[in-house]
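Here's the structure we're looking at; comments come further down.
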Amino acid sequence: MSKFISHTEARSRMLERVFPVDTEQVSLSRLPGRILARDVSARESIPPFDRSPYDGYAFRAGDTVQASQGSPVTLRILEEIPAGSVSHCPVTEGCAVKVLTGAPIPDGADAVIKFERTEFTAETVTIFSPCKSGSNIVRAGEDVRAGDLLVKAGARIDAGLLGTLASQNIPSAEVYRVPRIGIISTGSELVEVGSPRIPGKIYDSNRYMLCAAVSKLGMEPVLIGQAADNVPDILACIRQGLAQCDGLLLTGGVSVGDYDLTPDAMEQAGVELLFRGVDMKPGMACAYGVWEGKPVCALSGNPASAITNFHAIAAPVLRKLSGQSSCIPQEISVKLVNGFRKKSPGTRFLRGMLDLSDGTVRMRVPSEQGNAVLSSAIGCNVMAIIPAGSDAIPEGTELKGFLI
Ligand code: AMP
Ligand code: MG
């Protein structure tokens, strides 16, 4: 048994303490990707009137009861209704109206026939078989009825939802503000990308990695800065970040070494620590807490640890902050294309790529899964979880996992 809590327990502890940011009214064109803050019900039925799904003729079904190949029925055409127009006279016995796709069904008519199934002139249409009342009519409200719940708060606005809002003549919607997520790198060894190489120093890659991860969640990354391994430096960054942002991500200094000072600085900033360390590899070292409802997630400096822990714990927490109702990734089963040769005394997270090449969903696992190896994270879109106490995993094994 690990001395650390599971990633699911860690996630729950944070999710209990973090709530969505406030809301704003935003017009349609700026809504894609935003998170709805209120349920949306239909204002009107769609389609708003009975309409024709085809180019054809509308008539009274009763007129065609006797129609057959040998003895067809010929109806007189009263008028033509293109889409966007309405009829001027009701359809009476022995008459028809030419309708085009999307046109409203004229009063009196209760059936439509496609023009391909008729013979016609400019004045008449001839029908060769009986038609049922209601045939080829799309009823008002068949898609959506006025008052129907269209979508619940917490949904991300996609193409379908945006189109639905527009079809309802809804010009704007109340959505959650885009959370601003501050990013702080800690470590005296870090230099900024673009500066000359200095012996013993490394470039700060985590800040860009986390920027990309935050952007992908639809949130705004805010670069707060870089702190050396001392409490005053880290504390200053945390204070600045808390003042400017809705949540913070830090990397570095969360283990138990002499220079691991991030948790101390978090506490001095007034952050309530909810846990330190999680049973996962990579990503074990971490410290999470909240400050006035704002999540503060401190991850390991090791890039692969940081990104693994981010996907397992921080990302769901940030999704909740953003108002998304489905913040925990759905569990999926994946079959490994290749095996993994090491034992897993604790819970292990494998990063990999979905492989759909033979028509089934499988996962390709780069062999290098070390906690400092970031190159093998390029292109990863899925994580699989090896349960604690497992031996080496042969290829073809099915594991639980989630998409990232
Ligand atoms: P730490 O979590 O501070 O013990 O750091 C673990 C490892 O990650 C060390 O090798 C650090 O040099 C490295 N590291 C820390 N911060 C970063 C960063 N921002 N970018 C890249 N590597 C880092
Ligand atoms: Mg360090």
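The values are calculated or read from the model by the stated rules, or taken from the named source; none is laboratory data. These numbers were taken from a predicted model, which means no experiment stands behind them. Cβ: placed from backbone, ideal geometry, glycine included. Neighbour counts: every protein chain shown. The accessibility values were calculated without ligands, DNA or RNA, using every heavy atom of the protein model including side chains. Shrake-Rupley method; radii C 1.70, N 1.55, O 1.52, S 1.80 Å.
Treat each spin label as a single point 7 Å out from the Cα along the C-beta direction, and report the Glu398 to Ser135 distance in nm.
4.7
Once the other residues with Cβ under 13 Å from the Cβ of Val278 are scored (Lys, Arg +1; Asp, Glu -1), what is the net sum? Could the numbers behind the result be given before it?
On the way: positive: Lys3, Arg11, Arg13, Arg276, Lys281, Arg348; negative: Glu9, Asp279.
Taking every other residue near Val278 into account, the sum is +4.
When the chain is modelled as a GNM with alpha-carbon springs shorter than 10 Å, which of Arg60, Arg13, Arg177 fluctuates the most?
Result: Arg60 has the largest fluctuation of those listed.
Kindly give Rg over Rh for the stretch 243-389, based on alpha-carbon atoms, with the Kirkwood expression for the hydrodynamic radius.
Over the Cα atoms of the stretch 243-389, Rg/Rh equals 1.00.
Could you derive backbone 3J(HN,Hα) for the stretch 279-288 from the dihedral phi with the Karplus parameters 6.51, -1.76 and 1.60 (θ = phi - 60°), listing whole Hz in sequence and x where the residue is Gly or Pro?
6, 7, 9, x, x, 4, 6, 5, 8, 10
Can you pull a Stokes-Einstein diffusion coefficient for the stretch 1-102 at 10 °C (1.306 mPa s), Rh from Kirkwood over Cα pairs, as a whole number of µm²/s?
Translational D for this selection: 79 µm²/s.
Could you give the C-alpha radius of gyration of the stretch 79-136 expressed as a fraction of 2.2 N^0.38 Å, taking N as the number of residues it contains? Write down the numbers at each step before the final one.
Details: Rg = 10.9 Å, N = 58, 2.2 N^0.38 = 10.3 Å.
Normalised Rg, Cα atoms only: 1.06.
Using mean Cβ contacts within 10 Å as the protection proxy, how do 30-39, 241-250 order, highest first?
The densest-packed peptide leads the list: 241-250, 30-39.
Per 5 Å bin, what percent of the C-alpha pairs of the stretch 59-187 does each bin hold, from zero upward?
Bins of 5 Å from zero give 2, 9, 15, 16, 11, 8, 7, 8, 7, 5, 4, 2, 2, 2, 2, 1, 1, 0, 0 percent of pairs.
Can you list the residues, at least 5 places off or on another chain, whose amide H is less than 5 Å from the amide H of Asp50, using H built in the peptide plane?
Those qualifying (amide H under 5 Å, at least 5 residues apart or on another chain) are Ile105, Ala140.
If the convex hull of the alpha-carbon atoms of the stretch 114-203 is projected onto planes in all directions, what is the mean projected area in square nanometres?
15.5
If r is the Cβ-Cβ distance from Arg341 to Lys3 and R0 is 25 Å, what FRET efficiency results, to the nearest 0.05?
In this case the efficiency is close to 0.45.
Given the Cα-Cα distance of Glu93 and Arg145 and 0.36 nm per residue of separation, how much length would full extension add, in nm? Spell out each step's value before the answer.
On the way: separation 52, 0.36 × 52 = 18.72 nm, distance 3.17 nm.
Extra length available between Glu93 and Arg145 comes to 15.6 nm.
Could you sort Ser305, Ser367 by accessible area so the largest value comes first, with the probe set to 1.4 Å?
Listed by decreasing accessible area, they come as Ser367, Ser305.
Would you mind checking which residues have amide H under 5 Å from Leu150's amide H? H placed 1.01 Å from N; only 5 or more apart, or other chain.
Amide H neighbours of Leu150, under 5 Å, 5+ apart: Val40, Ser41, Ala42.
What number, rounded to the nearest 500 deg cm²/dmol, is the helix-based mean residue ellipticity at 222 nm of the chain, given -39500 (n - 2.57) per DSSP H run of at least four residues and division by all its residues? Spell out each step's value before the answer.
Details: 7 runs with 64 residues, N = 404.
Rounded to the nearest 500, it is -4500 deg cm²/dmol.
Once you put a point 7 Å from the Cα of Asp264 and another 7 Å from the Cα of Ser357, both along the Cβ direction, what distance in nm separates them?
Label at Asp264, label at Ser357, 5.1 nm between them.
What spacing in nm lies between the two simple spin-label points modelled at Arg117 and Phe275, each 7 Å away from Cα in the Cβ direction?
With each label placed 7 Å out from Cα toward Cβ, I get 6.2 nm.
Could you give the semi-axes, largest first, of the ellipsoid that matches the chain, computed as the square roots of 5 times the alpha carbon gyration tensor eigenvalues and rounded to whole Å?
On the way: eigenvalues 768, 131, 57 Å².
That gives 62, 26, 17 Å for the three semi-axes.
Just to be sure I understand: with springs between alpha-carbon atoms less than 10 Å apart, which residue in Lys281, Lys132, Lys152 has the highest mean-square fluctuation in the Gaussian network model of the chain?
Lys132
So how far, in whole Å, is the C-alpha centre of the stretch 248-280 from the one of the stretch 87-162?
What the calculation gives is 64 Å, centre to centre.
Could you derive backbone 3J(HN,Hα) for the stretch 289-296 from the dihedral phi with the Karplus parameters 6.51, -1.76 and 1.60 (θ = phi - 60°), listing whole Hz in sequence and x where the residue is Gly or Pro?
x, 9, 9, 6, x, 8, x, 10
Please list, ordered by chain and number, the residues whose modelled amide H lies under 5 Å from the amide H of Lys342; skip anything fewer than 5 residues away on the same chain.
The answer is Ile393.
Taking θ = phi - 60°, what integer Hz values does the Karplus form 6.51 cos²θ - 1.76 cosθ + 1.60 yield along the stretch 302-315, in sequence order, with x for Gly and Pro?
Working through the residues one at a time gives 4, x, 5, 5, 4, 6, 5, 4, 4, 5, 6, 10, 5, 4 Hz.
Provide Rg and Dmax in Å for the stretch 179-320, with only Cα atoms included in the calculation.
13.6, 42
Give the carbon-plus-sulfur fraction of the accessible surface of the chain in %, rounded to a whole number; probe 1.4 Å, heavy atoms of protein chains only.
Summing carbon and sulfur atoms, their accessible area is 51 percent of the total for the chain.
Diagonalise the Cα gyration tensor of the stretch 160-241 and give the resulting equivalent ellipsoid semi-axes, square root of 5 times each eigenvalue, largest first, whole Å.
Equivalent-ellipsoid dimensions as semi-axes: 39, 15, 7 Å.
From the C-alpha coordinates alone, can you work out the Kirkwood hydrodynamic radius of the stretch 317-404, in Å?
13.8 Å is the Kirkwood radius here.
Tell me, what is the FRET efficiency for Ile328 and Asp158 to the nearest 0.05, using R0 = 22 angstrom and their Cβ-Cβ distance as r?
Given R0 = 22 Å and the Cβ-Cβ separation, E is 0.70.
For Arg364 and Phe19, compute 0.36 nm times the residue count separating them, minus their Cα-Cα distance, and round to one decimal in nm. Display every interim value, and only then the final one.
Values: separation 345, 0.36 × 345 = 124.20 nm, distance 3.58 nm.
Fully extending the segment from Arg364 to Phe19 adds 120.6 nm.
If the chain between Gln244 and Lys216 were fully stretched, how many nm would it gain, using 0.36 nm times the residue separation less the Cα-Cα distance?
8.0 nm
Set the Förster distance to 45 Å, then compute FRET efficiency between Ala236 and Ser29 from the Cβ-Cβ distance, nearest 0.05. Before the final figure, lay out each step's value.
Working: r = 40 Å, r/R0 = 0.88.
After rounding to 0.05, the efficiency reads 0.70.
Pick out which of Ala42, Ala103, Ala287 has the largest mean-square fluctuation in a Gaussian network model of the chain, springs linking Cα atoms closer than 10 Å.
Highest fluctuation among the options: Ala103.
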